[in-house]
Amino acid sequence: MKIGIIVFSKTNNTFLVGERLKIALEEKGVDAEIQRIIPENDDPGVKPPIVFINKPDVSPYDMIIFGSPVWAFSLAIVMKEYLEQISSLEGKTVFSFVTKQLPSKLTGGTKANREIKSAVVSKNGTVKKSFIISWKNKKRENEISNLVAEILKSV
């Protein structure tokens, strides 16, 4: 099984979660790689269409894990546009995680994961589970550990 961890991360918080996941998967003997989504302009106010410097190809992976920050109580526009531009996720099992600054449940994490799920389903993929990591939460390490443990159960 080959797993792709595809991450958009402006501040590296989201990328750090992806790296932890990659290390845990490799320790279990799983073929995993992490790729960054890199737009020409990563400003939160950028408008589509977005041009990508690096737009990871999802076709080599059996399982995909998408990671993105929450911007303005929603999925980062860069991730939204990347998911729009993917041609197909047919037959792919997908997990998602979003990172956000505030620990409150009303700050967009659930909405952002719903947006990922909607995009994945529209491309004929299946989201198995989604996670929220609140960066300024004392339970952040537990949230990351739970994400890693849950995904490890599926491989």
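The values are calculated or read from the model by the stated rules, or taken from the named source; none is laboratory data. Here the structure is a predicted model, which is why all the values come from computation and not from measurement. We place every Cβ from the backbone using ideal geometry, glycine too, and count neighbours over all the protein chains shown.
Go through (1) closer than 14 Å to residue 9 by Cβ; (2) in contact with a Phe, Trp or Tyr (Cβ under 8 Å, 6 or more places away or on another chain); (3) of a type outside the set (S, T, N, Q) and name the single condition residue 83 misses.
(1)
Return only the number of the condition from (1) part of a strand (DSSP E or B); (2) among the charged types (D, E, K, R); (3) out of contact with any strand residue (DSSP E or B) (no Cβ under 6 Å at 6 or more places or on another chain) that residue 141 does not satisfy.
The number of the failed condition is (1).
Being among the acidic types (Asp, Glu) and in contact (Cβ under 8 Å) with a residue 12 or more places away in the chain is the filter; apply it to the range 127-155 and report the residue that is surrounded by the most Cβ atoms within 10 Å (Cβ to Cβ).
Only one residue tops the list, namely 143.
Give the residues of the range 6-41 that are buried (at least 16 other Cβ atoms within 10 Å of the Cβ) and over 16 Å from residue 99 (Cα atoms), sorted by residue number.
22, 24, 25, 30, 32, 34, 35, 39
If residue 52 satisfies all but one of (1) among the aromatic types (Phe, Trp, Tyr); (2) closer than 18 Å to residue 145 by Cα; (3) more than 16 Å from the chain's Cα centre (by Cα), what's the number of the condition it fails?
All conditions are met except number (2).
Could you check the range 1-42 and list, in sequence order, the residues that are in contact with a Gly (Cβ under 9 Å, 6 or more places away or on another chain), among the polar types (S, T, N, Q) and touching a residue at least 60 places away in the same chain (Cβ under 8 Å)?
Once the filter is applied, which keeps residues that are in contact with a Gly (Cβ under 9 Å, 6 or more places away or on another chain), among the polar types (S, T, N, Q) and touching a residue at least 60 places away in the same chain (Cβ under 8 Å), the range 1-42 yields 9, 14.
Among the numbered criteria (1) of a type outside the set (Val, Ile, Thr); (2) at pLDDT 95 or above; (3) buried (at least 20 other Cβ atoms within 10 Å of the Cβ), which one does residue 124 miss?
Of the numbered conditions (1) of a type outside the set (Val, Ile, Thr); (2) at pLDDT 95 or above; (3) buried (at least 20 other Cβ atoms within 10 Å of the Cβ), the odd one out for residue 124 is (3).
Kindly indicate whether residue 116 is under 24 Å from residue 42 (Cβ atoms), not in a helix (DSSP H, G or I) and not basic (Lys, Arg).
Against the criterion (under 24 Å from residue 42 (Cβ atoms), not in a helix (DSSP H, G or I) and not basic (Lys, Arg)), residue 116 does not qualify.
Checking the conditions here, which among 83, 75, 89 is in contact with a Lys or Arg (Cβ under 8 Å, 6 or more places away or on another chain), under 24 Å from residue 147 (Cα atoms) and free of Cβ contacts under 8 Å to residues at least 40 places away in the same chain?
Testing whether each residue is in contact with a Lys or Arg (Cβ under 8 Å, 6 or more places away or on another chain), under 24 Å from residue 147 (Cα atoms) and free of Cβ contacts under 8 Å to residues at least 40 places away in the same chain leaves just 89.
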